[in-house]
Amino acid sequence: MEKLRRSMFMLLTTALMVMPMLAACSGNNTNSTNKPSGETSTGNNKEGGFALGDKPLEFSFYGHYDWYSMPAWGEDPATKWIKDTKKVNVVPINSGGNAKQKLNTMIASGDLPDVMWMERGSDIEKLRANGLLVPLDDYLDKYPNLKKWAGESTLNMLRSSDGKLYQFPNWYTSQPNGNAGYMVNKKIYEELGSPSLETTEDLYQYLKQVKEKYPNVIPLEVGQADGIEILTSAFAENRPYRFNSIMAVPQGNELTSIFKDPVYRESMQYSSKLMRERLMTQDAFTQKREQVSEKVTTGRIAVFASSSPTEFGAAGDALLKAADPKAGYIMVWPIHKEGLDRNKIFPGDYNQLGWNVNVITQAAKDPEAVFAFLDWMTGPEGQRVTMWGPEGLYWDGTDDEDSPIFTDKYTSDVEGLSKLMNSTVDFQWTGNTVYVDKSKSKFEQTLPEDKRSWETRWQLEITWKTQFNTTEFVNLDPPGDSEEGIIAQSVKDVFDKAKSKAILSAKNDEEVLAILDQAEVDAQKNGYAKLLKYKTERWQENLKNLNK
C-alpha cells in the first residue's frame, strides 16, 4: 500500500518530466512578464518569527515506511541550495526496512526524531495521546503558507480529538486531481472503426471485437485488479470506487453493507462475465506492476481501466508513436451504464487532505523553526526549488501569480531536468498540489497543441473533471489494535476473498450473488455491524468538520 501511495505523488513529477520531452523545440513561449521570485531568502514569516537563513537550523527526519530511505541532504542541487541559502540541514533517520519495529524502538528508548513523515491514523494518535507531539496552532498565522494553501476546512479535518492541529499535510488540494479512468489503444480503436465506447454494453461489444480480431492483445487490462474497482463507478451516478476501499456504502445518514449494495453486486456480475469470457486480464490478482507496465508500453492491450492509467500511458504513447505515428493511446470519457448521466460518473476520487503528513515531536529543540521551514517548503518558493531546482537553472523569476517562468533550458535539457527531478522526489514532504498543478497547466497552455504533453492533455480534458471529492470519507479506519480494528481486518479478509472468488470462480450471475450473500453472513459473524456503526460515527464527524 505504501508503494502504491508513493506512486500517486510521483505521478506529479512524472508528468512534469514528460512535458519538456514533447516540447523540446518549442522554446520558452510564456506570455508572462519576468520578475524576480516573490520571496526573499529570509523566508516566509511575519514580524517576530523565525527567519530562515538568519541562523542555522538542523533537525532530524524520519520517514515511517519500510521502503523509504531519505537521500543524503545537500548532495543534489535543490537541497544544496537550501542548505547554503537557508542554512537548513536535515539529518536522516531511516527505518532499515522495518518501520513498525523502528518506531516502537524509538518510542521505547525515548529517542524520537524531530520530524516524522507518516500516514494519518492510529500511530499519530498514540503519539499525541502520550504527549509526544507538538501542536502547530500557534504557528499558523505567523507562518501563513499552510493556512493559505490548505485552507481552514482541510486543517480542521486534520485536528485531533483535543481540537488541536498536530499534522502538516503532504499533497493536499482544494481542487480536483487524479488520473483514474479508461485508456484506449488508438491504433486498434481506429482499425475497428472507432465505434461508440460510452456505455457498459458498448465496452462489452468492443472487447469481443478485440478478442476476435487481435488474439494476442488483452481486450481489457485491469492492472493489479484496481481496474475492477474502477468498473463499479459505471453502474451508478456519484459512485467513486472509494466506497469499495472503505467496504461501506452511504445510505441516508448511515454507512451500510457493501455486500448487499445493488450497485456493487451488479458490477461484480459484469466483471465476472468479462473474466469468464476471457475479455479481461486473466492474471489480475497475481501479476506484478512491472508486467502491467510491459503490456502497456508494448501496446498489447486494447483498453486499460485503472486508478492511474496515465502512469504507464504517457511512456507507452511516446514509445508506440516513435515506431508508428498512427499508434499511441487516447483516453475516453468514463464508461457508464445506459440510462445514467455521463457527467455524474466518477471513476476516481480525490480528497483535500492529500497523501500523508509530517508531525513535529517534543524532541525538537526549536519546533517553531522547524515549522517555519516546512511552511516555507510548502509555499511557492519551496515548491519551485524542490520540484525544479533553484532559480537560474530551469526557471528564472516568477509571473504575477508567483508561478515559475521556465527557461529555454527547461525544454532543451531534458536529460538534466529529469535527473534533477529524480534527485528531489524523495524530499517532497509538503507537496502543494494546487500550486504545482497550476504551474504545470499554465506552462502547458503556452505551447502549441501538438507540443503539449500527453498526460496533461488528458488530465485537463477528462481525468480532473471526473474525480469525486471524497474528503468526507477519509479517516474512517479504526486503530488496528482496537476491537473495531480487529473486526475491520477480518471483514477485509472476507471482502478480498469474496471479490476474487466472484471474479475468478463464479460460473454465472447467480453464483456471483450467492458468493456475496455468503460474504455478508461471514462479515456479520465477524462484527461487521459494529464496524459500520464506528465508520458511520466518524463519517458524521467529518461532515460536521466540513460544515456539510
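Descriptive notes on the structure:
- Cα gyration tensor, the chain - rounded (a/c under 1.5), prolate or oblate: oblate
- Amide H contacts under 5 Å for THR256, placed H, 5+ residues apart: VAL249, GLN251
- Distance between the C-alpha centres of the stretch 484-512 and the stretch 317-348: 29 Å, rounded to the whole angstrom.
- Computed over the stretch 181-350: relative contact order in percent, which uses C-alpha pairs under 8 Å that are six or more apart: 44 percent
- Full-stretch length increase - LEU460, LYS148 - with 0.36 nm per residue and alpha-carbon distance subtracted: 109.9 nm
- Normalised Debye scattering of the stretch 181-350 at q = 0.19 Å⁻¹ gives log10 I(q)/I(0) of -1.25, counting only Cα atoms as equal scatterers and leaving out solvent.
- For the stretch 475-545, the calculated P(r), taken from all Cα-Cα distances in 5 Å bins from zero up to the bin holding the longest distance, is 3, 17, 22, 18, 15, 12, 8, 4, 1, 0 percent.
- Note on the chain: antiparallel DSSP beta bridges, both residues inside, total approximately 55 percent of the bridges counted.
- The calculated FRET efficiency for the pair ASP202 and SER423, based on their C-beta separation and a Förster distance of 56 Å, comes to about 0.80.
- Were the residues from THR256 through ASN89 laid out at 0.36 nm apart, the gain over their Cα-Cα distance would be 55.2 nm.
- Loop-located trypsin sites (Lys or Arg not before Pro) in the stretch 233-285 whose Cβ has at most 16 other Cβ within 10 Å (DSSP): LYS260, ARG278
- Gap separating the Cα centres of the stretch 233-293 and the stretch 42-118, nearest whole Å: 40 Å
- Antiparallel content of DSSP bridges confined to the stretch 181-350, in %, to 5: 70 percent
- Using R0 = 35 Å, the C-beta based FRET efficiency linking ASP324 and SER500 works out to 0.40.
- For the listed residue pairs LYS187/LYS497; LYS337/LYS492; LYS83/LYS419, the alpha carbons are over 26 angstrom apart in LYS187/LYS497; LYS337/LYS492.
Quick note: the coordinates plus some simple rules give every number you see, no bench work behind them. Remember, it's a predicted structure, so these values are computed and weren't measured experimentally. Cβ coordinates were reconstructed from backbone atoms using ideal geometry, including for glycine residues, and neighbour counts include every protein chain displayed.
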